[in-house]
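A short worksheet on the structure shown next.
The values are calculated or read from the model by the stated rules, or taken from the named source; none is laboratory data. Note that the coordinates shown come from a computational prediction; the quantities given were computed from them, not determined experimentally. For neighbour counting, all protein chains shown are included, and Cβ atoms are generated from backbone atoms with ideal geometry for every residue, glycine included.
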Amino acid sequence: METKDRWGMLYVLTFCHFVNDYYSMVIPPLLPFLAAEFRLTYLQSGLLVFMSQIISAFMQPVAGYMADIHRWRKPAIVTGLAIYALMSVALALVPNYAVLLGVLFLMGLGGSTYHPQSTSMISFYFQKFRATASGIHGAGNPLGFVAAPVIVTALIALSGSWRIAAILVSIPGAVGALLAWRLLEEPRHRGEKGFFIAFGSGSLILLTLISGIVLGVFMGFTTFIPFYSQDTASIIPAAWWLPITLVPGIVSQPIGGIVADKIGRKKLIILGLGALTAALFCFVFSAGLTALVFSMLAGFCLGLLVPVCLIFAAELAVGLKVGTAVGILWGFSMGVGALTPLWVGYLRDLFPDFQMAFMSLVALAAIGTFLSCFLPKKLMVS
């Protein structure tokens, strides 16, 4: 494929990434409204995020494997975005908490298809500067994360109903599915059969564990930022804490890719996790605008890490099983990400504030920093 076509495809994937991760962050700004309507505890609120993540965690490896061996990468992306759109409409119609859990469980199916396939496409079409391309693609992540709470909050304010807002947020999914169907091109490569052949080394298993820690910290932190703002009676509206926290990731994801191509994947991951640990620790013992600054620094560090972990997994995979390797890595990561809101919510129910809950995430990030020291030093692709 010509360079012009490759870069055009990258921009389409970046938009689809924006749409995919937009839906990943639709639920947190809705949580206070859902909690009020259905009279939920913090643990029950965390369970909503768990349900939307856990099916995706299990299905990511399956989707990646099937797409690898059958060359279904493009159809998988189209299907996932369409499911997100349909389940957003279904969300607006839920009558009770049990049905709400079921809809969010099905919504997780939409999130199971994107990352293995997009990373596979980037890996195949960018033999050089892969991390840079992954970082550009990764910018769609914080853009989606920032847009979702802003759009959801604005729609609720304008319509006066979270249910009407849920119907309207289905529009990007339909647009993204249409663009992916019309503009993406399926790579010619077909993966070898054999599910676990993708995991050719202990390094990939270690990277999967570290990636799980990164996403676990991310989900545990961002899910409860709006509640934290309410708890501390912050002068900054609760609806704005989450997007402000995530804005730095728009810059840090491309920066992380460029830096990883220069200094190597391992060094970038160590530096990013170390800085994340420090930022979260300072956040816990801060207040007001100072806490917001450290929250934004944590968002910057999280943005550095995600695209590098994904492209690193693609480079460590064997047998042209990139989608499978990334699916296992990202599926495990989403599984951890589904669990952390449960324990953060439980600790918040147990203690009078969020200090102990967020300190558990500091400890998790510190463990990730230590483990990242044992990653391989190679792979500075340029």
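How about region 10-43: which of its residues are modelled with pLDDT of 85 or more, more than 21 Å from the chain's Cα centre (by Cα) and buried (at least 18 other Cβ atoms within 10 Å of the Cβ)?
The answer is Leu34, Leu40.
Determine whether region 170-189 contains at least one residue that is modelled with pLDDT under 85 and among the aromatic types (Phe, Trp, Tyr).
no
Just give me the residues in region 67-111 being touching a Lys or Arg at 6+ places or on another chain (Cβ under 6 Å), surrounded by fewer than 20 Cβ atoms within 10 Å (Cβ to Cβ) and charged (D, E, K, R), in sequence order.
Correct list: Arg71 only.
Of the residues that make up region 322-333, is at least one among the hydrophobic types (A, V, I, L, M, F, W, C), at pLDDT below 90 and out of contact with any helix residue (DSSP H, G or I) (no Cβ under 7 Å at 6 or more places or on another chain)?
No, because not a single residue in region 322-333 is among the hydrophobic types (A, V, I, L, M, F, W, C), at pLDDT below 90 and out of contact with any helix residue (DSSP H, G or I) (no Cβ under 7 Å at 6 or more places or on another chain).
Only one of (1) at pLDDT below 75; (2) under 22 Å from Gly288 (Cβ atoms) fails for Ile197. Which number is that?
(2)
So which pairs qualify, if the first residue must be in region 123-150 and farther than 16 Å from Gly303 by Cβ and at pLDDT below 85, the second must be crowded, with 24+ Cβ neighbours inside 10 Å and among the charged types (D, E, K, R), the Cβ gap must be under 7 Å, and the two must be at least 6 apart or on different chains?
Here the result reads Ser123/Arg130; Phe129/Asp261, each pair linking region 123-150 to a residue that is crowded, with 24+ Cβ neighbours inside 10 Å and among the charged types (D, E, K, R).
I'd like the full set of residues that are more than 11 Å from Glu315 (Cα to Cα), of a type in the set (A, V, I, L, M, F, W, C), surrounded by fewer than 24 Cβ atoms within 10 Å (Cβ to Cβ) and more than 17 Å from the chain's Cα centre (by Cα), limited to region 122-140.
Of everything in region 122-140, those that are more than 11 Å from Glu315 (Cα to Cα), of a type in the set (A, V, I, L, M, F, W, C), surrounded by fewer than 24 Cβ atoms within 10 Å (Cβ to Cβ) and more than 17 Å from the chain's Cα centre (by Cα) turn out to be Phe126, Phe129.
For region 164-184, which residues satisfy the criterion of being exposed (fewer than 15 other Cβ atoms within 10 Å of the Cβ) and either more than 27 Å from Arg73 (Cα to Cα) or among the hydroxyl-bearing types (Ser, Thr, Tyr) (or both)?
If the condition is that a residue be exposed (fewer than 15 other Cβ atoms within 10 Å of the Cβ) and either more than 27 Å from Arg73 (Cα to Cα) or among the hydroxyl-bearing types (Ser, Thr, Tyr) (or both), then Ile164 is the only one that fits.
Hey, can you tell me all the residues within region 350-359 that are touching a residue at least 60 places away in the same chain (Cβ under 8 Å) and either assigned to a helix (DSSP H, G or I) or buried (at least 18 other Cβ atoms within 10 Å of the Cβ) (or both)?
Phe354, Gln355, Ala357, Phe358, Met359
Return the pair list, or none, for Cβ contacts closer than 9 Å from residues in region 293-313 that are within 11 Å of Gly257 (Cα to Cα) to residues that are of a type in the set (D, E, K, R) and surrounded by 24 or more Cβ atoms within 10 Å (Cβ to Cβ), at least 6 apart or on different chains.
Qualifying pairs under 9 Å: Val308/Arg265; Cys309/Arg265; Ile311/Arg130; Ile311/Arg265; Phe312/Arg265.
Restricting the first residue to region 41-62 and requiring it to be in a helix (DSSP H, G or I), which pairs with a second residue that is of a type in the set (S, T, N, Q) meet a Cβ separation below 6 Å and a spacing of at least six or different chains?
Short answer, once both residue conditions are applied: Val49/Thr223; Ser56/Ser112; Met59/Ser112; Gln60/Ser112.
Of the conditions (1) under 20 Å from the mean Cα position of the chain (by Cα); (2) surrounded by fewer than 18 Cβ atoms within 10 Å (Cβ to Cβ), Gly64 satisfies every one except a single condition; which number is it?
Against the list (1) under 20 Å from the mean Cα position of the chain (by Cα); (2) surrounded by fewer than 18 Cβ atoms within 10 Å (Cβ to Cβ), Gly64 comes up short only on (2).
Restricting to region 14-40, give me the number of residues that are part of a helix (DSSP H, G or I) and closer than 20 Å to Leu339 by Cα.
Within region 14-40, residues that are part of a helix (DSSP H, G or I) and closer than 20 Å to Leu339 by Cα number 11.
Against the conditions (1) buried (at least 23 other Cβ atoms within 10 Å of the Cβ); (2) modelled with pLDDT of 85 or more; (3) within 18 Å of Leu206 (Cα to Cα), where does Phe370 fall short? Just the number, please.
Status for Phe370: all satisfied but (1).
Can we say Gly274 is surrounded by fewer than 20 Cβ atoms within 10 Å (Cβ to Cβ), among the small types (Gly, Ala, Ser) and on the phi > 0 side of the Ramachandran plot?
No: the conditions fail for Gly274.
Can you run down the residue pairs with Cβ atoms below 6 Å, 6 or more apart or on separate chains, where the first is in region 255-266 and farther than 15 Å from Ala139 by Cα and the partner is outside any helix (DSSP H, G or I) and at pLDDT 85 or above?
From residues that are farther than 15 Å from Ala139 by Cα, the pairs are Lys266/Leu375.
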